[in-house]
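The values are calculated or read from the model by the stated rules, or taken from the named source; none is laboratory data. Remember, predicted model here, so these are calculated numbers, not experimental data. We place every Cβ from the backbone using ideal geometry, glycine too, and count neighbours over all the protein chains shown. Please note that ligands, DNA and RNA were not included when accessible areas were found on the heavy atoms of the full protein model with its side chains. Shrake-Rupley method; radii C 1.70, N 1.55, O 1.52, S 1.80 Å.
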Amino acid sequence: MWEQVQETVSYIQSATNFTAEYGVILGSGLGSFTDDIQVEFTLPYASIPNFPVSTVEGHKGALVFGTIGSKKVVAMQGRFHFYEGYSMKEVTFPVRVMKYLGVQKLIVSNASGGVNDAYKVGSIVLIKDHINLMPEHPLHGKNEARFGPRFLNMSEPYSRAMIVKAKELAKSLGIEVHDGVYLGLQGPTFETISEYRMVKILGADMVGMSTVPEVIVARHMDMETFGISVITDMGNEDNIETVSHDEVLEAARKAEPHVRTLIKELIQRY
């Protein structure tokens, strides 16, 4: 893994000569955030050594390099998921690469199903913690000490300071936000009514199929991490049968302008 990461980093550096401070992983329906970046380079995943290729509709599949204000950013237009058949090490490989491209702060976004009654479709939620119910752990196997410690402290997976700043910015921008706990399941099926009930009983506010492994690996390498979720369906008996991927993408697109604004301001001001 170490050698693969260094090979990929060397290729990207030779192709771009770009050092980033912020990394951004864009989830379903949120790919047009790159319109807010003053783009300097774009590298399709297929052209990058050792990179997987995203297979999910709504995930474009490129690394985008540029600036937001004075901050240098690398953004993933499309992420990789365990349910696509990748191992967790493959899913999180780009996070390792980002670290060695200079990234110190990682922002991850996703679409999720809500179980908190205070939410509605289109709600924007700042992730304050997560519950990992994925079937494979991204740190499973021999630990590479050059990346991080064998036993990782996960008491603050999501930066409290970044959450405070994001809430301040949201208030000043007139954007309603919530905070909540995200539960990670492998997918690709949407949850049954009973599974949504389980999510709520376990103490989570929303559920999705990504984010958790990326955040674990980011914290393994001591990257400060911020997560934001768009609620694209509510897990209750009234609408559970109508959930489809197209509806998830549409709900995410409607919330996207606010999410884009909030992420852009956070990058510039934090």
> Do the conditions hold for P149, that is, is it open to solvent by less than 20 Å² (accessible area, probe 1.4 Å), in contact with a helix residue (DSSP H, G or I) (Cβ under 8 Å, 6 or more places away or on another chain), part of a loop (DSSP other than H, G, I, E, B) and touching a residue at least 60 places away in the same chain (Cβ under 8 Å)?
Replying inline: no
>> Among the residues of region 159-199, what is the count of those that are open to solvent by less than 50 Å² (accessible area, probe 1.4 Å), assigned to a loop (DSSP other than H, G, I, E, B) and farther than 16 Å from V259 by Cβ?
In response: 4
>> Name the residue that is nearest to the chain's Cα centre (by Cα), counting only residues in region 127-146 that are loosely packed, with under 15 Cβ neighbours inside 10 Å and either over 14 Å from M209 (Cα atoms) or of a type in the set (A, V, I, L, M, F, W, C) (or both).
In response: H140
>> I need the full set of residues from region 89-106 which are closer than 18 Å to Q77 by Cβ and touching a strand residue (DSSP E or B) at 6+ places or on another chain (Cβ under 8 Å), in order please.
In response: P94, V95, M98, L101, V103, L106
> In region 97-108, what residues are part of a loop (DSSP other than H, G, I, E, B) and open to solvent by 10 Å² or more (accessible area, probe 1.4 Å)?
Replying inline: G102, Q104
> Taking interchain pairs and intrachain pairs at least six residues apart, which have beta carbon atoms under 8 angstrom, with the first residue in region 255-267 and in contact (Cβ under 8 Å) with a residue 40 or more places away in the chain and closer than 16 Å to A161 by Cβ and the second of a type in the set (K, R) and in a helix (DSSP H, G or I)?
Replying inline: L266/K165
> Quick one: is V230 buried (at least 23 other Cβ atoms within 10 Å of the Cβ) and at pLDDT 95 or above?
Replying inline: no
> How many residues are open to solvent by less than 40 Å² (accessible area, probe 1.4 Å), in a helix (DSSP H, G or I) and either on the phi > 0 side of the Ramachandran plot or among the hydroxyl-bearing types (S, T, Y) (or both) when one looks only at region 3-38?
Replying inline: 4
> Just checking, how many residues over region 71-86 are part of a loop (DSSP other than H, G, I, E, B) and modelled with pLDDT of 95 or more?
Replying inline: 0
> How many residues are farther than 25 Å from V24 by Cβ and open to solvent by 50 Å² or more (accessible area, probe 1.4 Å) when one looks only at region 109-126?
Replying inline: 3
> Do we find that G66 is under 26 Å from T232 (Cβ atoms) and buried (at least 17 other Cβ atoms within 10 Å of the Cβ) in this structure?
Replying inline: no
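Give the residue that is nearest to S87 (Cα to Cα), with candidates limited to residues of region 206-222 that are of a type in the set (D, E, K, R) and open to solvent by 30 Å² or more (accessible area, probe 1.4 Å).
The residue in question is R219.
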> For V56, all conditions in the list (1) of a type in the set (A, V, I, L, M); (2) surrounded by 15 or more Cβ atoms within 10 Å (Cβ to Cβ); (3) modelled with pLDDT of 95 or more hold save one; what is the number of the exception?
Replying inline: (3)
